[in-house]
1. Taking only Cα atoms, what is the 0 to 90° angle, nearest 10, from helix B:2-18's long axis to the longest principal axis of chain B?
2. At a threshold of 8 angstrom on Cα-Cα distance, excluding pairs fewer than six apart, so keeping six or more, what relative contact order does region A:44-101 reach in percent?
3. If the only charges are +1 at each Lys and Arg Cβ and -1 at each Asp and Glu Cβ, what is the size of the charge dipole of the protein assembly as shown around the Cα centre, to the nearest 20 debye?
4. In a solvent-free Debye calculation with one equal scatterer on each Cα, what is log10 I(q)/I(0) for region A:44-101 at q = 0.13, 0.16, 0.26, 0.28 Å⁻¹, listed in the order of the q values?
5. Counting Lys and Arg as +1 and Asp and Glu as -1, each charge on the Cβ, what is the dipole of region A:44-101 about the Cα centre in debye, to the nearest 20?
6. Give me a single rounded figure for A:79-85: the average over its residues of other chain Cβ atoms within 10 Å of their Cβ.
7. Hey, how many Å between the Cα centroid of region B:162-230 and the Cα centroid of region B:95-135?
8. With an 8 Å cut-off on Cα pairs and a minimum separation of 6 or more residues, tell me the relative contact order of chain B in percent.
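Every number in this text was worked out from the coordinates using simple rules, so none of it is lab data. These numbers were taken from a predicted model, which means no experiment stands behind them. Glycine gets a Cβ as well: all are built from the backbone with ideal geometry, and neighbour counts include every protein chain shown.
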Amino acid sequence: MRTLARALLVGAVLLSHAVVAAAADTVTITLPPDHGALPPGPGMEVTQKACQTCHSTDYIAMQPRGGEAQWRAVVTKMIKVFGAPIPDDDARAIVEYLAREYGPSR
Amino acid sequence: MSHQLSRRRFVLGLGAAGAGHLLSRAVAEAAAPDPLLAGRPLVRYPQKTDLILLTSRPPQLETPMTYFDRAITPNEAFFVRYHLFPIPTRVSLDEWRLRVGGHVDRALELSMEDLKTKFRPVALTAVCQCSGNSRGRFSPRVLGGQWGDGAMGNAEWVGARLRDVLEAAGVRQGAVDVTFNGLDAPALPSVPDFVKSLPVARVMDWPDVLIAYRMNGQPLPMLNGFPARLVVPGWYATYWVKNLSDITVTDQPFEKFWMKPAYRIPDNPCGCVEPGTTPARTVPISRMTTRSFIASPASGSRVGAGAPTTLKGIAFDGEYGIRAVEISDDGGRTWRATDLGADLGRYSFREWSARWTPRQRGPHTIMVRAFNSIGESQGLEPLWNPAGYLRNVVEHIDLEVG
């Protein structure tokens, strides 16, 4: 009986170590959802769709405010450098939206 | 998030009931937020504590200044910065391998067990600082991650020497660069993968570059590079590739997007240009400039008149080690020495502390500057470059005495 109990105990210890080792060898995390939302207005939906393909919209909100030239340069970089699949009409609407909502005057 | 905020209020409430001086200090800190960080929420990501949210996807999380009153930054408080999304959220060491290939005699596929047992483990304490740390303070402002000052941290890293691993693979004649890739991946095929490179001649002559698998005595948090990351001590964090999976030796100069045009500085001794102008020539960013910070008391705090206050913080540089840290309470006209903490090596944060007794009531500004062992220091006027890198102006805190 005592031998059986010891065997069970040893088995339990081995098992618990195996579980710990397995847990340490595989790490899994769950990321929280995107934070923040774009302000409503004409062009918001197309902006959201295009930008969120690669990044959360807090990337936009943190930038220095700027006029149309700044935001056109940003959108052009996303298209030319990163290959964002944004048609010309959408790009124009996005620049207008960003220059209005994140423009220098606000 | 909301429950975390309410927990913070609860802690403040305890201070009110329990100890008046605790409350006054907490309120002082809360009442004088850094304008750059105002409105940015504290968030808790997996394996991390409350950090300041810069962006959520890819995640960029900033360490609050309160952690920089000590030399070692806790893993859970260490800043996070990814360039691409998706990032790895599950890594099994049964499957993970570090592939070493390219212009070598023998391509290797190393398991974590291989990395730990076939190469001598080396311990090194080193600062990891984002190239764009403090970018949000540039004037005129520049586009990019609008970091405050918390995109930095200091840890003891344990790992295999990159040089030993490359020697095991046998670098062939004619090798030029070594590239490093991690498990993060572009959202679109057109987005350049985040791959960085170092000159092969430099790394074969530099035993301190590590493939680190331990951070402050623990496995790396996933968001800091589990199961292994490159440690390039003294150089900006852009080279410290996380969740490392591939090391490739090239026989041609490696000049893909994240080496060129990204992460470049003006090709001159200050790495700077006239504000608002474009540099004629650029080079890849490399060694960190000298910096120092006052972490305690927090800027905006109220301290008693006539009583000594203990000032604490850290200083660091790129490779030579900190020789002296000085403070000034008269706008930089006169400076006095501070006491340096333990020397954890030339790549580490160096703690400093000083007792300061205000002579009169009212607002006071305390400045701090550091000197490294070859005499490099910090300027009273900030330098400027279009990418917002290398910031190392003299820092200060504002205190209200009375």
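1. Roughly 40 degrees between the two axes.
2. Relative contact order comes out at 52 percent.
3. Around 740 debye, computed over the protein assembly as shown.
4. -0.26, -0.41, -1.22, -1.45
5. Details: 7 positive and 8 negative charges, 44 e Å.
I would put it at about 220 debye.
6. Mean shielding by partner chains, rounded to a whole number: 4.
7. 5 Å
8. Details: 955 pairs, mean separation 66.1, N = 402.
It rounds to 16 percent for chain B.
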